[in-house]
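The values are calculated or read from the model by the stated rules, or taken from the named source; none is laboratory data. These numbers come from a predicted model, not from an experiment. All Cβ positions, glycine included, derive from the backbone under ideal geometry; neighbour counts span all protein chains shown. With ligands, DNA and RNA removed, areas are computed over all heavy atoms of the protein, side chains included. Shrake-Rupley method; radii C 1.70, N 1.55, O 1.52, S 1.80 Å.
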Amino acid sequence: MRNILALLLITFLFSCTDKFESVVTLPSVLSDGMVLQRDKPVTIWGKGIPGEKVRVSIAGSISSGKVLPDSTWKVSIPANVAGGPHIMQVNQQQVKDVYFGDVWLAGGQSNMEWPLKSGVIGGKEEYESGGIPLIRFFKVEKSYAAIQRSTIPPAEWRKADSSNLMDFSAIAWFFAKKNHLEMGVPVGIIESNWGGTPAEGWTKAEILAEMQNMSYSEEALDMQENQEKWEREFQANENRREMRDMMVHHPDSISAKDVSSVSYNDLSWKRINLPADNPLSDIAWLRKSFNLTKVSDLELILPAIDQMAFIYVNGKLVHHKDWGSVMPDVKVPDDLLFTGKNVITIRVINTWNNQPRIGEKGMMYLLQDGRKINLEGTWAYSNDLVEPKLPEVKWYNWKPGAMYNAMIHPLVNYTLRGIIWYQGESNAGRAGEYQALFSTLISSWRTAWNSKELPFLFVQLANFMERKEMQPESNWAALREAQRKTLELPKTGMAVTIDIGEEDDIHPRNKKDVGERLWLQAKRIVFNEQVVASGPEIKSIAKDGAHLTLTYESTGEGLTLVKDGDVLGFIIKDQNGKWHQVKGQIEGKNQVKIPLESGIEPMELRYAWADNPEVNLINSEGLPAIPFQKIMAKKEE
């Protein structure tokens, strides 16, 4: 009897194994080291042999399904609590080191993409401290397509440790770190972002084609109706890009040594004046000689280089500046220098717009024993004699739907806790249509993820550019207002950064506060905690005699100022259409009172309405007041 039972058991196990032996493939985002969303059913998907069965097991759960005629399959596994590591078995394939935790998609343009290593305040300390291995990042390779893709290029999950962390999104890191430390769970960040990109590139073209009288409407319709044509052109463009990248990243070492030597004859090169003759083009080679009486303690001071550069002194490479990295002061080794004539040679490229730049007035010199050797003035220049001109590469990824198709659509099966987003700079010139566009992006992503209230947390544009006393016509302020109005959608949250931008850099280096302010929004919106997540938000405006009384909410323990004085940042439009700069005073816990000049009838009130406004109103949590525009009355005809 015992032998018969054993035989039956062996037969049963063999038959079960036999049913799930077919080969399956998984997308690269479902791979070793991944984090799956805790406390929610999770979809596992891939490709296989039509008609064959698929079984997925993890953490004690077993689910199965069947491969469809189109070779795709999906299996849902039940919710699991945070923890790990687990092994996920898919037929005969294993995925190891799997955790359940919170998973976020970090999207947008360069401020979201900006890595810790690129001059971020406190960034070096973060990755030198060893990181947190239970935080994992998955970076989606930049790509674009005219037709929706089902897979992304191969990539892998990486632990946020000292060797990897420097390359991760700084904002996403500071956000994930808070999530991990405060919730005590593993965190997964899927980075899908691309510098300089407009919102329409991240939105489905067929939806945008239905939106009338927008700047992208016709282009979206063209993308939708001529997908195969654009797919061919995209591929041709990518071939040109690959050729360009091969050219720019690896200069021929023998040629570079020759061209950068003291003895090289550059008489056939053009003569230009720097920095006045910026920008340049293609692979720009520049040479300038200088004389020394001693061969020691020489430093190169040349902070302004856009974008990548190879810098040589007397035929030897002394520094390579990569994209996004800060140009340091460069100590020139003594053994490279000569008494008398020396030569500095620079190879500079800008793959962003093919307009490389070298230097700024007053910031181009060599320093030796406190003496400046000026490098401004005449340089020898060639962009076609040393190396050929670059092939033309177009920014087709900006086209409606192009990045959505390649970098978002392949991820929609991956269960998320929510999305964090930083974008808008590339749409600032079209602020009037941004609220509709951004709202459409959010709603369409929620539809794609089959989650009507998928949390969507975003960053409002920081202050940037020259500060002006009053600037009613500000594209950046108008874009911020469009972002604020997008909060009308449920389960959205906005991190205000009007106080931590930089006048001369579109990429502010304070990413810690941005990530942590996004986390405050997550605590309130996603985890339902009663926290003050935003700065003071305008609730009502009342005219009281010769004063305006502004009542705020989200004040915490009360309104306060960065430093004592008047409340700055308000402008008023009067009954004649003239704008006036006005100041206020804090009254009580949640009000600001603004005195009005005699004869002024306020028609509209704005706060922080400028590219780079001077503002100082915060709440007790140190969070800045939210910029706003309020129409107060209409002038009677």
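Exactly one condition in (1) within 23 Å of A533 (Cβ to Cβ); (2) of a type in the set (S, T, N, Q); (3) open to solvent by 10 Å² or more (accessible area, probe 1.4 Å) is not met by S426; state its number.
(1)
Any residue at all in region 482-491 that's more than 19 Å from G108 (Cα to Cα) and part of a loop (DSSP other than H, G, I, E, B)?
yes
Looking at this structure, is L298 of a type outside the set (G, A, S) and over 22 Å from D258 (Cα atoms)?
yes
Here is a check on your reading of the model: is L221 part of a helix (DSSP H, G or I) and in contact with a strand residue (DSSP E or B) (Cβ under 9 Å, 6 or more places away or on another chain)?
no
Just the residues that are aliphatic (A, V, I, L, M) and farther than 15 Å from A256 by Cβ, please, taken from region 309-353.
Scanning region 309-353 gives V326, M327, V330, V332, L337.
Among the residues of region 279-296, are any open to solvent by 30 Å² or more (accessible area, probe 1.4 Å), among the aliphatic types (A, V, I, L, M) and closer than 22 Å to T351 by Cα?
For region 279-296, residues open to solvent by 30 Å² or more (accessible area, probe 1.4 Å), among the aliphatic types (A, V, I, L, M) and closer than 22 Å to T351 by Cα: absent.
Out of all the residues in region 252-273, which are open to solvent by 30 Å² or more (accessible area, probe 1.4 Å) and either in a loop (DSSP other than H, G, I, E, B) or of a type in the set (D, E) (or both)?
D252, D258, V262, S263, Y264, N265, L267, S268
Among the numbered criteria (1) touching a residue at least 60 places away in the same chain (Cβ under 8 Å); (2) closer than 28 Å to D369 by Cα, which single criterion is violated by I283?
Evaluating I283 over (1) touching a residue at least 60 places away in the same chain (Cβ under 8 Å); (2) closer than 28 Å to D369 by Cα leaves (2) as the failure.
Given the structure, is I87 farther than 21 Å from T151 by Cβ, assigned to a strand (DSSP E or B), among the hydrophobic types (A, V, I, L, M, F, W, C) and free of Cβ contacts under 8 Å to residues at least 12 places away in the same chain?
For I87, the condition - farther than 21 Å from T151 by Cβ, assigned to a strand (DSSP E or B), among the hydrophobic types (A, V, I, L, M, F, W, C) and free of Cβ contacts under 8 Å to residues at least 12 places away in the same chain - is not met.
Return the residues of region 501-526 that are open to solvent by 10 Å² or more (accessible area, probe 1.4 Å), β-branched (V, I, T) and under 19 Å from K117 (Cα atoms); say none if nothing qualifies.
I506, the sole residue that qualifies.
With respect to the numbered conditions (1) modelled with pLDDT of 95 or more; (2) within 30 Å of T440 (Cα to Cα); (3) within 22 Å of the chain's Cα centre (by Cα), which one is the sole condition not fulfilled by E218?
The number of the failed condition is (3).
Being under 27 Å from T72 (Cβ atoms) and either open to solvent by 50 Å² or more (accessible area, probe 1.4 Å) or among the β-branched types (V, I, T) (or both) is true for just one of N450, N397. Which residue is that?
Residue meeting the stated conditions: N450.
Looking at region 48-58 only, could you name the residues that are surrounded by fewer than 19 Cβ atoms within 10 Å (Cβ to Cβ) and either without any contact (Cβ under 8 Å) to a residue 24 or more places away in the chain or within 24 Å of E156 (Cβ to Cβ) (or both)?
Passing the criteria: P50, G51, S57.
Which of (1) over 22 Å from F456 (Cα atoms); (2) in contact with a helix residue (DSSP H, G or I) (Cβ under 8 Å, 6 or more places away or on another chain); (3) among the aliphatic types (A, V, I, L, M) does M112 not meet, given it meets every other one?
Exception for M112: condition (1).
What single numbered condition from (1) closer than 23 Å to K372 by Cα; (2) outside any strand (DSSP E or B); (3) free of Cβ contacts under 8 Å to residues at least 24 places away in the same chain fails to hold for H320?
(2)
What are the residues in region 149-163 that are polar (S, T, N, Q) and in contact with a helix residue (DSSP H, G or I) (Cβ under 8 Å, 6 or more places away or on another chain), if any?
S150, T151, S162
Please work out if K630 is closer than 14 Å to L550 by Cα, open to solvent by 10 Å² or more (accessible area, probe 1.4 Å), part of a loop (DSSP other than H, G, I, E, B) and modelled with pLDDT of 95 or more.
It is false that K630 is closer than 14 Å to L550 by Cα, open to solvent by 10 Å² or more (accessible area, probe 1.4 Å), part of a loop (DSSP other than H, G, I, E, B) and modelled with pLDDT of 95 or more.
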